[in-house]
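Novice: Sharing a structure here in structure tokens format.
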Amino acid sequence: MAEGVTRDDLRAAVASGVIDERQAVSLQTLSDQRMGYRANMVGDDEPFELFKGFAEIFVTVGLALLMAGFIGLTALLGDFALIPVTMMALAFALALYFTKRRRMTLPSIALCIAFATGLTFLADALITGSTALEPDSTRARILGAAGMLAMAFYFRIFRLPFAMFVLGLFGLLFMSGIVDLIQPASTAAGSPWRGSFMDIFGVTRLFDLRSNPYMAVGTLVFGICAFIAALYFDTKDPHRISRYASTAFWLHILAAPALVNTLVMSNYQMGGLGTLIAVFILTIFTLLAVIIDRRSFLTAGLIYMGLIIAQLIKDTNADWAPVITTLVLGVFVTALGAFWTQARASIMGALPNFPGKDRLPPYADGLAVSE
């Protein structure tokens with residue numbers, strides 16, 4: 001067996017403060033260069049960790065009970081206005097131990113959600129209590145901006161990757177408020193905070209450039225910004241061993257639906273030539289996912305792949321269109337998943353050199369998993 005520094009060793013060293021993340025990346029790069037990347041690969045996995053064991057689930061349950069107890073105590077004292085403040089203060093104090101010191105994943109995510117929830121209720125209460133502020137769009141802009149600033153501070157203190165995901169959600173809310181400011185009529189039909197249940201989750205109105213161009217352009221700009229931020233963190237950790245990669249993962253989760261839905265849906269609903277354009281865009285996103293070694297864009301595009309394949313089969317008047325669609329998608333996803341690294345090595349090797357190519361995850365000299 002090849003000897004060398006394992007990723008678990010580096011994660012433990014970073015968590016204990018022996019080295020920082022940048023030093024961990026440099027050390028792993030040097031180890032890979034000396035030992036060969038194949039010997040140090042852990043399959044073709046895209047690292048993602050929601051919790052490390054049942055102990056974290058147990059602690060998270062305890063934190064939820066503790067938080068509920070403090071909130072209930074605050075309510076019994078008769079000052080309901082202090083509940084959001086209590087949530088934020090308690091979540092921040094507990095995060096100093098469970099996130100900053102212990103680096104526990106699931107409890108850290110739960111505490112981040114609690115902090116963001118308290119912030120939302122507090123900011124909304126302050127906005128609603130001001131008669132100078134109009135509801136809806138103004139509330140969204142102020143709440144979105146306050147949330148982004150607060151979560152940027154939270155990320156700066158705790159270096160929690162999930163905090164960037166929450167920051168992105170506040171950014172999406174801020175973008176919606178900006179769209180309503182520019183074109184109020186557009187959000188009257190497609191505002192994410194107005195109307196019925198279907199208005200809240202009305203994907204068509206949110207992402208279709210024809211029916212709601214301002215909101216769709218907003219989601220497109222949001223997706224581009226999230227994608228650029230994700231690439232920034234990705235290129236700081238091409239070997240995917242530190243929190244840089246985890247931060248990029250959460251940002252890709254935001255970027256992929258915003259970009260894929262806006263560009264593909266707007267063309268797919270046109271039919272005819274629009275469907276062909278949608279297929280072309282899905283192909284581009286597939287190649288992009290392979291190049292940057294992130295599967296989120298493929299996951300976001302699976303629905304449209306299924307719709308397009310189903311429509312093609314349906315045109316043949318076949319009653320078994322759903323079955324064939326499921327089968328085709330299953331074969332495609334399974335095959336790509338099984339031979340992801342081989343396909344990526346071939347594609348990256350065929351592409352000419354471009355800026356940043358050497359800062360993407362390694363692909364040559366035996367990256368593909370041996371069969």
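Novice: For region 245-315, with equal point scatterers placed on the C-alpha atoms only and solvent neglected, what are the log10 I(q)/I(0) values from the Debye formula at q = 0.11, 0.19, 0.21 1/Å, to two decimals?
Specialist: For region 245-315, the Cα-only Debye profile gives -0.27, -0.71, -0.83.
Novice: Residue by residue, what Karplus-based ³J(HN,Hα) values in Hz, rounded to whole numbers, does region 162-168 have, using 6.51, -1.76 and 1.60 with θ = phi - 60° and x for Gly and Pro?
Specialist: 4, 4, 6, 5, 5, 4, x
Novice: Right, here's the next one. What residues have an amide H closer than 5 Å to that of Ile19, excluding those fewer than 5 places away on the same chain, when H is modeled at 1.01 Å from N in the peptide plane?
Specialist: Val14
Novice: Then there's this: Got a number for the accessible area of Arg240? Probe 1.4 Å, square angstrom, nearest 10.
Specialist: Surface open to solvent at Arg240 totals about 20 Å².
Novice: For region 294-299, just list the computed ³J(HN,Hα) in residue order, Karplus coefficients 6.51, -1.76 and 1.60, θ = phi - 60°, integers in Hz, with x standing in for Gly and Pro.
Specialist: The phi angles translate into 10, 8, 5, 5, 5, 4 Hz.
The values are calculated or read from the model by the stated rules, or taken from the named source; none is laboratory data. As the structure is a computational prediction, the values presented were derived from the model and not from experiment. Just the protein is used for accessible areas: all its heavy atoms, side chains included, with ligands, DNA and RNA removed. Shrake-Rupley method; radii C 1.70, N 1.55, O 1.52, S 1.80 Å.
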